[in-house]
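Below: the structure, in structure tokens.
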Amino acid sequence: MERVDHLAHERNKSEFDVDAMKIVWAGSPHAFELSDRISKLVASDPGFRKDNRTMLSRKDLFKNTLRKAAYAWKTIVDLHLSEEEAAKLRFYVDEPAYTDLHWGMFVPAIKGQGTDEQQQKWLPLAYKMQIIGCYAQTELGHGSNVQGLETTATFDPQTDEFIIHSPTLTSSKWWPGGLGKVATHAIAYARLIVGGRDYGVNGFIVQLRSLEDHSPLPGITVGDIGMKFGNGAYNTMDNGVLQFDHVRIPRDQMLMRVSQVTREGKYKQSDVPRQLVYGTMVYVRQTIVADASCALSRAVCIATRYSAVRRQFGSQNGGPETQVIDYKTQQSRLFPLLASAYAFRFIGEWLKWLYTDVTQRLQANDFSTLPEAHACTAGLKSLTTTATADGIEECRKLCGGHGYLCSSGLPELFAVYVPACTYEGDNTVLLLQVARFLMKTVSQLGVKKPVGTIGYMTRVDHLMQCRCGVQRAEDWLNPSALLEAFEARAARMSVACAQNLSNFDNPEEGFAELSADLVEAAVAHCQLIIVSKFIEKLQQEIPGKGVKQQLEVLCNIYTLFLLHKHQGDFLSTGCITPKHASLANDQLRSLYSQVRPNAIALVDAFNYTDHFLGSILGCYDGNVYPKLYEAAWEDPLNDSVVPDGYHQYIRPLLKQQIRTARL
Ligand SMILES: CCCCCCCCCCCCCCCCCCCCCC(=O)SCCNC(=O)CCNC(=O)[C@H](O)C(C)(C)COP(=O)(O)OP(=O)(O)OC[C@H]1O[C@@H](n2cnc3c(N)ncnc32)[C@H](O)[C@@H]1OP(=O)(O)O
Ligand SMILES: Cc1cc2nc3c(=O)[nH]c(=O)nc-3n(C[C@H](O)[C@H](O)[C@H](O)COP(=O)(O)OP(=O)(O)OC[C@H]3O[C@@H](n4cnc5c(N)ncnc54)[C@H](O)[C@@H]3O)c2cc1C
């Protein structure tokens, strides 16, 4: 049967080279080729089917995830896939699994915090998956407050071992992914106790399960913590609980890059900063920022295609009704999310560069950029995951009633995504870290020159009193006007917080009292980073007909949308006047009209397969209604015309009503 493209008329409207945009989105021709090839490989293999996920019981779902993970590994080995290809395969398989924590946290923790000898011993085993690891930091009683962890690792000089112990119920490890049912080993974080002295939290490699029959080793109590939010969704993951009862491990299983314990029981701190114990979190936060654009673009692709298919009201003389994408309200909700997906893509790329840079510096014992890397990863993780989780839910609403169906793909996407606002650092707690960094920067102005993402603070005197020069709506398209408005707002909010803080005798009390304002200042700073990196990206050469113009439109939408949404900040700090705000809004409306004919092509540029999207509403050909109709009949509830339970619960009720009616 010939495949009809119901969105062809939309694709014909586009004003730019979609193939060139696909390369910009992927990052390079090589990244595009890789992504395209692996996504098609996964989509065409029935072993990676995922359309029944929301209908399975937890046990069946979990077993199916184990099957897929093993099948993915077999595919990687059989096809001799490179590390890069394997990572893409995991991405397109699109099912959270214990392997994420093994590759995403266990391996990086050993690499970042292990000595050379430790890496040589453990990494080959982990690379071949002869051991499977998890990252066991969080406890029942403490997640955010890492220094409050209670698990102990006490050095026993008699036997040259550490004794790992959970002294209280609240010290039970709680949440680690992969721990519940799969991991054979953990990087367990525990308080290091040597000679009766507490040296704070450190990582230890602890074997949990037998490599022969998978039973927990003596002293280990381990299991799954139970069902989580949503059908399917993150329930493919075995988040676990773990208690240690005086479990002994050899001394050399303490990760010793940051600090060491000698055979004689002496504690030694190396010259790398203690914060490197937190290094794995910095790495993962950076990957989470890159992932935000993937999750948001997926939701936006579904909502954009469906908005072009869906018609409601407005028929004239019996003609077709209006496509809902043509309503200005729909555009004002959808297009900023489309622009955000692109903005997050580019900030993810930049953050990857920053992370690589800081890692190289750390290897050369240059720790100078670590505080900025921590502030950027923490702040951008917070900002992008919050916006993405909210954006996915907005996309569901943009799809009306059908968005609430699991077959739209949006409920599961939301349920899988939303814990990103909590894991790897609660988003508010992370913004407070950014705020601390900003307050330190302001307090050191004149003493230490701010560089990198806080470089704008060198012009603080100008930014405190500059006036916006915008006179006509088009003036808002000038990148300098936009940048200055965002810089002035961020600088003024930080300086105001710093001034308010100075009124407190006790700075910590002041910080706690003003924390809500500090979080807002941190948001302003992080938004400025995203805006400025988007603008920088556009200063580069970007090949392809009309590609750069489209990106300029998206950059302006992203920036002016933020200005509109946060106009309270911009007005109260005096960075702009109500007239400027109103002109910005006029400009935004005109930008929505410019993006409208290109909307479908802009989501096609993500190059997602129908398998990856997992959504009837977002399917490439836009043939939504027949597919929805067919899918309904495939629901297990429709296996029989008369439901199970009819004789037990419906028929007696109906009969009883007949008797009552006769009375
Ligand atoms: C199929 C086959 C496939 C094969 C191929 C496969 C390839 C596969 C690849 C798979 C990929 C999948 C991706 C993974 C998926 C993820 C899944 C989700 C996992 C989720 C895991 C987790 O969820 S895991 C737990 C995370 N749990 C937190 O996230 C706790 C937050 N809580 C804190 O993070 C701290 O506790 C908090 C608040 C800072 C206060 O810490 P505190 O009290 O000690 O600190 P203070 O505030 O006193 O800070 C003291 C000084 O340290 C500075 N500083 C603080 N942190 C710093 C840092 N990180 N780096 C540098 N510096 C730092 C600070 O700036 C101060 O500096 P200064 O003194 O100079 O001012
Ligand atoms: C799906 C999922 C997977 C996870 N995987 C892992 C894993 O693999 N390994 C692992 O070790 N952990 C894992 N975690 C745990 C996760 O890292 C923690 O839940 C997270 O760091 C938040 O900590 P918390 O739960 O203690 O939140 P809490 O700190 O208890 O937060 C509760 C509330 O208090 C607020 N709050 C806390 N402190 C402050 C403060 N100082 N100032 C202002 N407000 C504050 C927060 O903003 C939040 O609103 C996972 C969690 C989830 C949900």
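General remarks:
- Restricting region 379-435 to residues that are at positive phi and crowded, with 19+ Cβ neighbours inside 10 Å leaves a set whose member that is farthest from ligand 2 (Cβ to nearest atom) is GLY409.
- Test result for ALA299, among the aliphatic types (A, V, I, L, M) and either at pLDDT below 95 or open to solvent by 20 Å² or more (accessible area, probe 1.4 Å) (or both): no
- Residue in region 352-362 that is farther than 30 Å from ARG311 by Cα, in contact (Cβ under 8 Å) with a residue 40 or more places away in the chain and not in a helix (DSSP H, G or I) present: no
- Pairing each residue of region 411-430 that is over 9 Å from ALA389 (Cα atoms) with any residue that is open to solvent by 30 Å² or more (accessible area, probe 1.4 Å) and within 6 Å of ligand 2 (Cβ to nearest atom), provided the two are 6+ apart or on different chains, yields C-beta distances under 6 Å for VAL416/TYR234; ASP426/SER144; VAL429/SER144.
- Residue identified as open to solvent by 30 Å² or more (accessible area, probe 1.4 Å), in contact with an Asp or Glu (Cβ under 7 Å, 6 or more places away or on another chain) and either part of a loop (DSSP other than H, G, I, E, B) or not acidic (Asp, Glu) (or both) among HIS30, HIS6: HIS6
- Region 129-145 residues that are free of Cβ contacts under 8 Å to residues at least 60 places away in the same chain, paired with ones that are near ligand 2 (Cβ under 8 Å from one of its atoms) and among the basic types (Lys, Arg) (beta carbon under 6 Å, 6 or more apart): GLU139/LYS173
Condition check ((1) under 22 Å from PHE612 (Cα atoms); (2) under 24 Å from the mean Cα position of the chain (by Cα); (3) modelled with pLDDT under 95) across all residues:
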position	(1), (2), (3)
ASP326	no, no, no
GLN330	no, no, no
LEU334	yes, yes, no
PHE344	yes, yes, no
THR359	no, yes, yes
ALA375	no, yes, no
LYS397	yes, yes, no
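- The single condition among (1) within 13 Å of ligand 2 (Cβ to nearest atom); (2) of a type in the set (Ser, Thr, Tyr); (3) out of contact with any helix residue (DSSP H, G or I) (no Cβ under 6 Å at 6 or more places or on another chain) that SER144 does not meet is (3).
- Residue match in region 190-206 (condition: part of a loop (DSSP other than H, G, I, E, B), away from ligand 2 (no atom under 11 Å from the Cβ) and either more than 27 Å from the chain's Cα centre (by Cα) or under 30 Å from SER57 (Cα atoms) (or both)): yes
- Hits in region 571-603 - residues which are touching a Cys at 6+ places or on another chain (Cβ under 9 Å) and over 17 Å from ALA343 (Cα atoms): CYS575, ILE576, THR577, HIS580
- Taking first residues from region 67-96 that are more than 21 Å from MET237 (Cβ to Cβ) and partners that are open to solvent by less than 20 Å² (accessible area, probe 1.4 Å), the Cβ contacts under 8 Å between residues at least 6 apart in sequence or on separate chains come to LEU81/THR75; LEU81/LEU89; GLU84/LEU34; GLU85/LEU34; GLU85/ILE38.
Yes/no per residue for (1) crowded, with 18+ Cβ neighbours inside 10 Å; (2) assigned to a helix (DSSP H, G or I):
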residue: SER582; (1), (2): no, yes
residue: PRO597; (1), (2): no, yes
residue: ILE600; (1), (2): yes, yes
residue: VAL603; (1), (2): yes, yes
residue: PHE612; (1), (2): yes, yes
residue: CYS619; (1), (2): yes, no
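- Condition met for GLY230 (open to solvent by 20 Å² or more (accessible area, probe 1.4 Å), within 12 Å of ligand 2 (Cβ to nearest atom) and either under 27 Å from the mean Cα position of the chain (by Cα) or at pLDDT below 95 (or both)): yes
- The number of residues in region 155-175 that are closer than 29 Å to ALA420 by Cα and open to solvent by 10 Å² or more (accessible area, probe 1.4 Å) comes to 6.
- Check on VAL442, within 16 Å of ligand 1 (Cβ to nearest atom) and open to solvent by less than 30 Å² (accessible area, probe 1.4 Å): yes
- Failed condition for ILE454, given (1) under 23 Å from ALA488 (Cα atoms); (2) surrounded by fewer than 21 Cβ atoms within 10 Å (Cβ to Cβ); (3) more than 22 Å from the chain's Cα centre (by Cα): (2)
- Tally of residues being open to solvent by 40 Å² or more (accessible area, probe 1.4 Å), farther than 26 Å from ASP51 by Cβ and either near ligand 1 (Cβ under 9 Å from one of its atoms) or among the hydrophobic types (A, V, I, L, M, F, W, C) (or both) across region 65-118: 2
- Test: ASP621 is acidic (Asp, Glu) and over 31 Å from the mean Cα position of the chain (by Cα): no
- Some residue of region 147-154 being open to solvent by 10 Å² or more (accessible area, probe 1.4 Å), within 25 Å of the chain's Cα centre (by Cα) and within 16 Å of ligand 2 (Cβ to nearest atom): yes
- Checklist (1) within 25 Å of THR262 (Cα to Cα); (2) open to solvent by 50 Å² or more (accessible area, probe 1.4 Å) applied to HIS185, failing item: (2)
The values are calculated or read from the model by the stated rules, or taken from the named source; none is laboratory data. Remember, predicted model here, so these are calculated numbers, not experimental data. Every residue, glycine among them, receives a Cβ derived from its backbone with ideal geometry; neighbour counts consider all protein chains shown. Side chains included, ligands, DNA and RNA excluded: accessible areas come from the protein's heavy atoms. Shrake-Rupley method; radii C 1.70, N 1.55, O 1.52, S 1.80 Å.
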